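Any read-out appearing in this document is the output of simple, stated calculations on the displayed coordinates, not a laboratory observation. The model shown is predicted, which means the values in this text are computed figures rather than measured ones. Using ideal geometry, Cβ is built from the backbone for each residue, glycine included, and neighbour counts are taken over all protein chains shown.
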Amino acid sequence: MLSKRIIGCLDVRNGNLAKSVKFVDTRDIGDPIEKAKQYYDDGLDELVFYDITASSDERNIMLDVVGQVARQVYIPLSVGGGIRSIDDAQKLLWAGAEKINVNSAAVMRPAIIAECAHAIGNQNTVLSMDIVKVVASRDLPSGYEIVINGGRKRMGIDALDWALKGEELGAGELVINSIDADGTRDGYEIALTRMIAEAVSIPVIASGGAGKPEHLYEVLTEGCADAALVASMLHYNEYKVSELKAYLNDRGVKMRMHY
């Protein structure tokens, strides 16, 4: 059985670490480079960096900040925000990223998933999905809908259908981000994560809602996730990565322990 992963999330706005609740009320809370080093030193498995306004501002990602973060960590670094082409993806790899995350641009032009997978490898191509819960209907049978541009635009696309399409096009991993749970610290959207994890054969990363160690345990077991993405729990220094791993390991969840 493969080890489960804890992935730290750096939402970055104008070069500053930022945090929001349900994608609104975004506040700057610190230095992403400092936090990246702190989490790496404490045994983080992977780091994801999102330039959260690159897509909505229609600009390219901040390569200088990505490069500074990459020089602080020696674990997989996954980067997303404003990636619209193979050229954008290649520049991120040159800046130090190992994986690239496509989200809004992939919804608008799904072929970019296949293009990135072909150019840099399936294992390095991640499809991030921002999702809201809706009333199930003929067009949205799963009861979950895809949104883009930082949650600002609903697309009328069923989340489960899009997950399956992303896998078919060559994505090597899926990030399942529940906007309804984002920043609430009330727990992950377990039903959503499990539904998609059981439908695809690629790793699924649960995102949105982590507030206490029990939430990670729930999503990695009941939610069938391969990895749990955390932000607030670490950013506000309430938990250390090593503490979360010890908690999960003690409860039978296979983790890469950092000694």
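The chain: percent of C-alpha pairs farther apart than 26 Å? Working shown, then result.
Working: 10977 of 33411 pairs.
Every Cα pair in the chain considered, those over 26 Å come to 33 percent.
Do any chymotrypsin sites (Phe, Trp or Tyr not before Pro) in segment 179-240 lie in a loop, going by DSSP, with at most 16 other beta-carbon atoms within 10 Å of their beta carbon, and if so which? Intermediate results must be reported in sequence, preceding the final value.
On the way: sites: Y188, Y217, Y236, Y239; in loops: Y188, Y236, Y239.
Passing both the DSSP loop test and the Cβ count: Y236.
Normalised radius of gyration for segment 186-228, please: alpha carbon Rg relative to 2.2 N^0.38 Å, two decimal places.
Details: Rg = 9.2 Å, N = 43, 2.2 N^0.38 = 9.2 Å.
Against the compact-globule rule of thumb, the ratio is 1.00.
Volume per residue, Å³, of the convex hull around the alpha-carbon atoms of segment 78-143?
On the way: hull volume 6.1 nm³, N = 66.
Spelled out: Cα convex hull of segment 78-143, divided by residues, is 92 Å³.
So if I take the centroid of the Cα atoms in segment 129-175 and the same for segment 179-211, what is the distance between those two points in Å?
13
Are there GluC sites (Glu not before Pro) in segment 159-259 that DSSP puts in a loop and that have at most 14 other Cβ atoms within 10 Å, and which ones?
Working: sites: E167, E168, E173, E189, E198, E214, E218, E222, E238, E243; in loops: E189, E222, E238.
For GluC sites (Glu not before Pro) across segment 159-259 that sit outside H, G, I, E and B with at most 14 neighbouring Cβ atoms in 10 Å, the list reads E222, E238.
By count of other Cβ within 10 Å, fewest leading, how are W162, W94 ordered?
On the way: W162 23, W94 11.
In increasing order of surrounding Cβ atoms, one gets W94, W162.
In segment 139-194, what is the volume of the convex hull around the alpha carbon atoms, normalised per residue and reported in Å³?
98
Using the number of other C-beta atoms within 10 angstrom as an exposure proxy, rank R251, R185 with the fewest first. Mind showing how you got there, number by number?
Numbers: R251 13, R185 18.
With the fewest neighbours first, R251, R185 line up as R251, R185.
Could you name the lysines in cross-link range of K240, using Cα to Cα under 19 Å and dropping any fewer than eight places away on the same chain?
Cα-Cα hits under 19 Å: K4, K19, K35, K37, K212, K254.
So how do V219, V230 line up by other beta-carbon neighbours within 10 Å, fewest first?
Details: V219 30, V230 25.
In order of increasing Cβ crowding within 10 Å: V230, V219.
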